[in-house]
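Written below as structure tokens is the structure these notes are about.
The values are calculated or read from the model by the stated rules, or taken from the named source; none is laboratory data. Please read these numbers as outputs of a predicted model, since none were measured by experiment. Here the Cβ is made from the backbone with ideal geometry for all residues, glycine too, and neighbour counts use every protein chain on show. Side chains included, ligands, DNA and RNA excluded: accessible areas come from the protein's heavy atoms. Shrake-Rupley method; radii C 1.70, N 1.55, O 1.52, S 1.80 Å.
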Amino acid sequence: MNLWAVIPLVSCICFMAILLSILPQINKRLGKVLFAFLSGSALWNIAAAVLLHDTSKTFDYLSLWTGILIASFFFLIVSYYHVVRVYNNKPTGYGVAIGYAFALVILVLSLTGFIVKDAYFTGNLLHFDIFPWNLIMLFALSPFFILSLLMLIRRYNKSIDSLDRNRTLYLAVGWTIFLILSLIATFTPSVRTVPIAHLGGIVNAVIVSYAILTRNPVNIQSTSRKLLAYVIVIMVLFGLTSALVYAYPLLSSQFSDVIIIILLTLIYTFIIFLASPFIQTVNMGVEYLFFRDTYSHRRELQDFSKKTSHIINLDELAKEILPLIANAVNIPAAGLILKNNKTGKFETQYIYPEDGLTDGTCIFKRISFDTDSPLIAYMNKKGVPLSPARINEIAELSVLPQSEKDNLTGSNIHLLLPFKSRDKLIGILALGNKKNNAVMSQEDIEIITDITNQAGIIIENAQLYTQARIRANTDELTGLYNHRHFHERIDQEITRDSRFGGTFSLIMMDVDLFKSYNDIYGHLAGDKMLRKIGEYIQKSIRRIDMAFRYGGEEFTVILPEAHIDAAYKVAERIRKTIESETSARAMPITVSLGVANWPKDGVLKEEIIGKADAALYRAKQMGRNRTSMSNGIQKQDSVLMTEELKKNPKALNIIYALAATVDAKDRYTCGHSRKVSEYAIAIANALDLAPETINNIRSAGLLHDIGKIGVPDYIFNKDAGLNDYEKEIMKEHPKLAAEILRHVVDLVSCVPAILHHHERFDGTGYPAGLEGDKIPIEARILAIADAYDAMLSPRPYRKKLNYQEALEELKKCAGVQFDPHLVEIFIEVVNSNKHTIRLKEALNQ
């Protein structure tokens with residue numbers, strides 16, 4: 001038997017097996033044309049096997065089977081083109097019909113002896129002469145070869161479905177292999193008679209059948225990289241082995257066989273020990289070659305479970321997962337859609353990056369789905385990635401409401417991947433388009449799917465932890481935060497605003513005559529009304545505001561970064577909303593509200609709550625259904641502080657923290673308060689004032705600008721002089737400082753100095769327009785120290801003065817702005833040997 005017949009014979013057996021495997025798909029259009037293609041391929045290999053198995057056959061026999069071989073080859077090329085057209089959802093077309101007709105003509109002409117002119121064996125190799133039909137067939141088949149490949153390439157480039165792209169790439173690779181081997185067999189004289197093309201045919205047929213019939217083919221790009229890595233390893237081993245074979249004669253002439261055996265054993269032992277690390281290194285090198293920009297992030301994904309398994313806070317988990325995935329697959333944006341326990345819907349709860357893209361554009365539009373949405377049911381049942389662009393192609397999603405389709409397709413989301421735990425949908429990962437509009441590969445999706453499979457249980461645990469934490473902080477009846485969490489959050493606000501120089505307001509609210517409502521309608525109706533009131537409050541406040549059920553029918557609202565006037569408007573909005581929503585009832589519900597501000601109404605938690613509560617009590621006294629502000633509360637109306645509160649050192653700590661924050665806000669006067677205090681003390685010592693007065697001046701110097709906590713930052717950072725409106729804002733700071741400090745008993749004695757340190761000696765200052773000796777001496781001292789340091793500080797609208805120039809300016813303003821006697825004393829202090837060195841060094845730092 002001719003050994004060359006083995007190749008087409010084995011190929012024929014393989015084709016028969018593939019034909020049997022696609023019989024269940026024969027009723028489908030693609031299954032039919034694929035069956036025709038495989039049948040033609042099988043016939044082509046049968047003809048080759050019959051021709052090659054016996055070299056002693058006559059010309060007529062060889063001519064017959066050569067004709068069948070040529071006609072079946074033509075047929076399989078046309079049928080493959082037909083397969084590609086059907087795969088691309090295109091109609092059969094005239095080209096396919098003409099091709100099949102031409103194949104039939106070739107078969108008839110071959111059987112009648114018009115094509116094969118000669119056929120014979122030379123040894124085991126078959127030779128045949130079909131000129132000029134070989135050129136005619138090449139010309140006729142070229143369009144089918146080229147168009148098949150072009151259609152596959154076009155589909156790959158246009159497709160946004162990674163699975164479809166992977167399948168199409170399989171078909172393109174298989175067809176390319178077949179095309180290359182066919183060209184080699186045709187145009188290489190040394191192998192022209194060897195059945196190389198049949199090897200290409202079986203490779204292509206196997207690839208085509210696997211790609212089309214397999215639901216999720218293995219990622220071809222990943223497989224190719226692994227193959228490349230192993231090829232590199234094999235080449236290195238081949239080179240090493242070749243070197244050993246080459247070196248053996250040299251070694252045998254120098255050493256005995258025993259030494260050579262020991263040496264070779266050591267070499268191969270060394271290779272065995274290094275094989276696994278070497279293969280791993282080569283794999284890493286190939287991966288880095290293909291994924292240079294995202295390689296490190298992909299490596300991080302391999303340790304995903306270790307990195308995130310200990311995280312039980314959902315916010316932290318989202319901040320860990322989303323950037324990791326986005327950077328690993330080179331996408332600019334990712335989001336996490338989770339179930340909102342309050343609304344019962346799946347909603348976009350986390351987005352990366354939070355502030356949008358670097359160009360300021362929005363990444364995702366936030367979307368939500370009901371739990372009974374067909375899309376949620378599909379993701380839960382199938383557990384596979386979903387592209388919003390393919391929604392109309394999926395039968396289960398045909399009933400998806402058009403509004404949800406529009407929201408999804410217009411959300412800038414490119415792909416949705418489910419998080420599942422114990423066969424239950426936990427959440428959905430939303431991914432944007434890849435950078436530079438590249439299409440996400442099947443390998444990218446496989447990597448992310450591995451992560452979502454691992455992350456399902458982690459996210460579920462984090463959700464359970466979050467739900468437990470929310471339950472611990474939430475009032476079960478109203479759904480608002482509870483009393484305990486109120487005290488936690490107000491402490492946090494005081495700490496934050498003490499550090500960063502912010503402010504917040506507090507609203508306390510009580511339902512009017514609620515006991516009567518309960519007595520008339522019952523406690524169940526009362527509970528229902530409290531729930532409604534909680535909803536009305538939530539509707540009336542900002543997202544950053546926090547509403548609490550303080551107890552019984554009392555509620556509170558913390559409004560970060562809100563001054564008291566803004567808080568009053570919010571309180572009125574709440575009051576009017578509740579009143580209008582319940583006005584149709586037989587017994588309308590109204591509320592009374594009290595508003596206070598930190599730090600204006602106190603720096604301690606107890607003070608701010610006491611002021612808001614006093615304002616609420618005043619609103620009740622004035623007839624209910626109204627809002628009262630803390631600045632309308634007389635001293636006797638406030639809740640008296642205990643001695644413990646008065647002496648509480650925490651108040652002093654907060655005050656001095658605020659002073660340091662204000663001092664740091666002005667970039668031109670950093671350290672200003674410390675210097676003013678030092679200068680003022682020097683004047684007080686020169687006057688030989690009482691130690692208690694000197695201590696007051698020291699504290700007043702450090703705290704004299706604390707009222708600037710209410711001045712907007714843009715005024716501090718302005719590069720030009722202030723306009724009239726900004727000056728008026730700045731003039732309010734002594735009043736606010738006095739309002740803040742009067743709540744702290746240890747600092748009450750500092751209030752006159754701070755309140756009046758901007759009065760002028762001629763009576764034209766502010767805030768009270770005092771003149772001469774009517775201005776407290778502490779305030780007159782503070783005014784000189786404050787102005788002196790200001791003149792030595794640079795300003796955007798003027799240069800700083802040296803200390804001699806500053807002293808001259810004080811002399812000019814003596815009797816007009818400053819106390820002339822105190823100016824003379826201060827000048828003496830600065831110029832005296834006792835204080836000059838210390839003061840000049842402080843001034844010129």
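Okay, here's what the table says:
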item: Residue in region 379-386 that is assigned to a loop (DSSP other than H, G, I, E, B), free of Cβ contacts under 8 Å to residues at least 60 places away in the same chain, open to solvent by less than 60 Å² (accessible area, probe 1.4 Å) and more than 25 Å from SER159 (Cα to Cα) present; result: no
item: Residue within region 603-618 that is at pLDDT below 90 and within 30 Å of ILE784 (Cα to Cα) present; result: yes
item: Cross-chain or 6+ apart pairs with Cβ under 9 Å, region 700-725 first and among the polar types (S, T, N, Q), then modelled with pLDDT under 75; result: ASN717/LYS665; ASN717/ASP666; ASN717/ARG667
item: Complete set of residues in region 212-240 that are over 30 Å from GLN280 (Cβ atoms) and open to solvent by less than 40 Å² (accessible area, probe 1.4 Å); result: ILE212
item: Selected residue (criterion: modelled with the highest pLDDT) from residues of region 304-357 that are assigned to a helix (DSSP H, G or I) and hydroxyl-bearing (Ser, Thr, Tyr); result: THR308
item: Matching residues in region 79-101 - criterion: being of a type in the set (Ser, Thr, Tyr) and either in contact (Cβ under 8 Å) with a residue 24 or more places away in the chain or in a loop (DSSP other than H, G, I, E, B) (or both); result: SER79, TYR80, TYR81, TYR87, THR92, TYR100
item: Number of the exception - LEU810 against (1) over 20 Å from ALA686 (Cβ atoms); (2) touching a residue at least 24 places away in the same chain (Cβ under 8 Å); (3) in contact with a Phe, Trp or Tyr (Cβ under 9 Å, 6 or more places away or on another chain); result: (1)
item: Odd one out for ASP370 among (1) over 18 Å from the mean Cα position of the chain (by Cα); (2) open to solvent by 60 Å² or more (accessible area, probe 1.4 Å); (3) over 25 Å from ASN216 (Cα atoms); (4) in contact (Cβ under 8 Å) with a residue 40 or more places away in the chain; result: (4)
item: Top-ranked residue in region 91-112 [being β-branched (Val, Ile, Thr) and either surrounded by 15 or more Cβ atoms within 10 Å (Cβ to Cβ) or touching a strand residue (DSSP E or B) at 6+ places or on another chain (Cβ under 7 Å) (or both); ranked as modelled with the lowest pLDDT]; result: ILE106
item: Strands (runs of 3 or more DSSP E) (entirely within region 508-626) containing at least 1 residues that are closer than 22 Å to LEU741 by Cα; result: 554-560, 591-598
item: The lone exception for LEU417 - which of (1) under 16 Å from PHE346 (Cα atoms); (2) modelled with pLDDT of 75 or more; (3) over 17 Å from the mean Cα position of the chain (by Cα) it fails; result: (3)
item: Cross-chain or 6+ apart pairs with Cβ under 6 Å, region 538-558 first and under 13 Å from VAL591 (Cβ atoms) and at pLDDT below 95, then surrounded by fewer than 21 Cβ atoms within 10 Å (Cβ to Cβ) and basic (Lys, Arg); result: SER540/ARG573
item: Residue among LEU38, LEU76, LEU34, LEU62 that alone is open to solvent by less than 80 Å² (accessible area, probe 1.4 Å) and either in contact with a Gly (Cβ under 8 Å, 6 or more places away or on another chain) or assigned to a loop (DSSP other than H, G, I, E, B) (or both); result: LEU76
item: Extreme residue, most open to solvent (accessible area, probe 1.4 Å), among residues of region 399-449 that are part of a helix (DSSP H, G or I) and without any contact (Cβ under 8 Å) to a residue 12 or more places away in the chain; result: ASN436
item: Selection status of LEU703, farther than 25 Å from PRO599 by Cα and not basic (Lys, Arg); result: no
item: Subset of region 603-634 [open to solvent by 20 Å² or more (accessible area, probe 1.4 Å), among the hydrophobic types (A, V, I, L, M, F, W, C) and within 17 Å of LEU513 (Cβ to Cβ)]; result: MET622
item: Qualifying positions in region 410-459 - basic (Lys, Arg) and in contact with a helix residue (DSSP H, G or I) (Cβ under 9 Å, 6 or more places away or on another chain); result: LYS420, ARG422, LYS424, LYS434
item: Qualifying residue in region 555-573 (condition: out of contact with any strand residue (DSSP E or B) (no Cβ under 7 Å at 6 or more places or on another chain), within 17 Å of LYS532 (Cβ to Cβ) and among the charged types (D, E, K, R)); result: yes
item: Subset of region 581-600 that is open to solvent by 10 Å² or more (accessible area, probe 1.4 Å) and hydrophobic (A, V, I, L, M, F, W, C) - its residue that is modelled with the lowest pLDDT; result: ALA586
item: Hits in region 509-568 - residues which are of a type in the set (Asp, Glu) and open to solvent by less than 30 Å² (accessible area, probe 1.4 Å); result: ASP510, ASP512, ASP545
item: Inter-residue pairs, beta-carbon under 7 Å, first part of a helix (DSSP H, G or I) and open to solvent by less than 80 Å² (accessible area, probe 1.4 Å) and in region 122-145, second at pLDDT 80 or above and not hydrophobic (A, V, I, L, M, F, W, C), 6+ apart; result: PHE144/TYR81; PHE144/GLY99
item: Odd one out for ALA119 among (1) in contact (Cβ under 8 Å) with a residue 60 or more places away in the chain; (2) under 30 Å from ARG167 (Cβ atoms); (3) touching a Ser or Thr at 6+ places or on another chain (Cβ under 8 Å); result: (2)
